[in-house]
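The values are calculated or read from the model by the stated rules, or taken from the named source; none is laboratory data. Keep in mind that this is a model prediction, so the values were computed, not measured. Cβ placement follows ideal geometry from the backbone for every residue including glycine, while neighbour counts extend to all protein chains displayed.
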Amino acid sequence: MGNMKFEIRPAAKERAKLRLGIAGPAGSGKSYTALLIASGLGGRIGVIDTEHRSAHLYADLIPGGFDVIELTPPFAPDNYVAAIHAFEMAGVDTIIIDSLSHAWAGEGGALDMQGKIADKTGNTWAAWRTVTPKHTALIEAMLQSPCHIIATMRSKMDYVQEADGSKTGKVKKVGLAPVMRDGIEYEFTLFMEMDQSHNGFVGKDRTQLFDNQIIEKPDADMGRRLLDWLNQGVEPAPHQTLRPQQLAALSDGINNARTIDDLREAYRIAAALCDALHDEQAKRDFNRLTNMRKHELEEAALRSAEAMDDEAETAGAAAPAEEDEIDVTAGNGTAPTRAPRPNGRGGQGQRSGAA
């Protein structure tokens, strides 16, 4: 058995922060619904807007207003993480990510990054090894945030024909799977799918308040009910944090790693100390730092390999044509003759010259 020590204690419901996912097709009301629910949660609201300033359309409809960070391409997961941390430091209570889909399928998002790396290296799986940690870091930033998190996602759309008494019926736009990595629903406390009538179906709900219900035009009251549930329970155990000297030393170990193996060991040490102190913020920072250093090492290895290939090609082009060896033992002693190459069947071949 290993040396890890475990603490066993009775389970108790602790106060928590909301993790709400809202998916739906265009026009289903995801952004406005997110703002209404956030207003019910109370406190200051911050919106990470990737939808071409669409959040501003609702500025006069939300009591107390809200703050906005506008994200533009590239929609790299790292940029989302930086925006989340910026709102945390600003003292925001609820962060709305509108929309999370761009981090996956937008310009500069995870799929775009993976495709460009694969085109450059010719290795699809190696590309995912670079991109997946960045996507994971974004999900962890959402889950570990001290703020409430509401994330909207676009849905893949389809059209169905419903009977309405007419000859042709009514064509209705419906949302399918969210435009995000498979399984994203499992990361949230509650996951709701919106339809074109602005109603929400709650397919997953750990609070049990709305499970498998259709909520007609979700509003601030839904936020207030969720807040009541979230505030029930005991206060979470206070978390210790790493000292500045520890943060500096562990960061130096990661930044100065010369190989991937050295990097893994440096991160293992840092993560173990974070786990021991329950310092999730420091662990997120070390994870982000490790991913950055890993990318630098991989880029350096790629440049080195390309340089070696270029040197080999240059050397091959500059090498003189290979000549046959001179047989100084053959002939009549007056002039050397050239020996032919082996005949390719393992023998030495016939030597030219006098018999």
Checklist entry - For Gly115, are the conditions met, namely being without any contact (Cβ under 8 Å) to a residue 40 or more places away in the chain and surrounded by 23 or more Cβ atoms within 10 Å (Cβ to Cβ)? => result no
Next on the checklist: Only one of Asp228, Asp205 is at pLDDT 90 or above, charged (D, E, K, R) and more than 28 Å from the chain's Cα centre (by Cα). Can you tell me which?
Outcome noted: Asp228
Next on the checklist: Quick check on region 67-86. Is at least one of its residues in contact with an Asp or Glu (Cβ under 7 Å, 6 or more places away or on another chain), more than 26 Å from Val179 (Cβ to Cβ) and crowded, with 16+ Cβ neighbours inside 10 Å?
Outcome noted: no
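Conditions tested, residue by residue: (1) of a type in the set (D, E, K, R); (2) in contact with a strand residue (DSSP E or B) (Cβ under 8 Å, 6 or more places away or on another chain).
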position: Ile8; (1), (2): no, no
position: Arg15; (1), (2): yes, yes
position: Gly24; (1), (2): no, yes
position: Gly27; (1), (2): no, yes
position: Leu35; (1), (2): no, yes
position: Arg53; (1), (2): yes, yes
position: Thr72; (1), (2): no, no
position: Phe87; (1), (2): no, yes
Next on the checklist: When the residues of region 240-280 are narrowed to those that are surrounded by 17 or more Cβ atoms within 10 Å (Cβ to Cβ) and touching a residue at least 40 places away in the same chain (Cβ under 8 Å), which ends up farthest from Lys5 (Cα to Cα)?
Outcome noted: Ala257
Checklist entry - With Ala137, Ala126, Ala83 as the choices, which residue is without any contact (Cβ under 8 Å) to a residue 24 or more places away in the chain and either assigned to a helix (DSSP H, G or I) or within 30 Å of Asp228 (Cβ to Cβ) (or both)? => result Ala126
Next on the checklist: Of all residues being more than 24 Å from Asp205 (Cα to Cα) and out of contact with any helix residue (DSSP H, G or I) (no Cβ under 8 Å at 6 or more places or on another chain) in region 28-56, which is surrounded by the most Cβ atoms within 10 Å (Cβ to Cβ)? Just the residue, please.
Outcome noted: Arg44
Checklist entry - If a residue has to be under 22 Å from Asp195 (Cα atoms) and either of a type in the set (A, V, I, L, M) or not in a loop (DSSP other than H, G, I, E, B) (or both) to count, how many in region 19-46 make the cut? => result 18
Checklist outcome for this item: Exception for Glu107 within (1) part of a loop (DSSP other than H, G, I, E, B); (2) under 30 Å from Ala282 (Cβ atoms) falls at (2)
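Can you find a residue that is farther than 19 Å from Thr189 by Cα, among the acidic types (Asp, Glu) and at pLDDT 90 or above anywhere in region 116-129?
The answer is yes, given that some residue of region 116-129 is farther than 19 Å from Thr189 by Cα, among the acidic types (Asp, Glu) and at pLDDT 90 or above.
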Item to check | Inter-residue pairs, beta-carbon under 9 Å, first on the phi < 0 side of the Ramachandran plot and in region 287-312, second outside any helix (DSSP H, G or I), 6+ apart | outcome: Thr290/Ala257; Arg293/Asn256; Arg293/Ala257; Lys294/Ala257; Leu297/Ala257; Leu297/Arg258; Leu297/Thr259
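Taking Lys13 as the residue in question, decide whether it is within 29 Å of Gly183 (Cα to Cα), buried (at least 18 other Cβ atoms within 10 Å of the Cβ) and basic (Lys, Arg).
Details: within 29 Å of Gly183 (Cα to Cα): yes; buried (at least 18 other Cβ atoms within 10 Å of the Cβ): no; basic (Lys, Arg): yes.
Considered against the rule, which asks whether it is within 29 Å of Gly183 (Cα to Cα), buried (at least 18 other Cβ atoms within 10 Å of the Cβ) and basic (Lys, Arg), Lys13 comes out as no.
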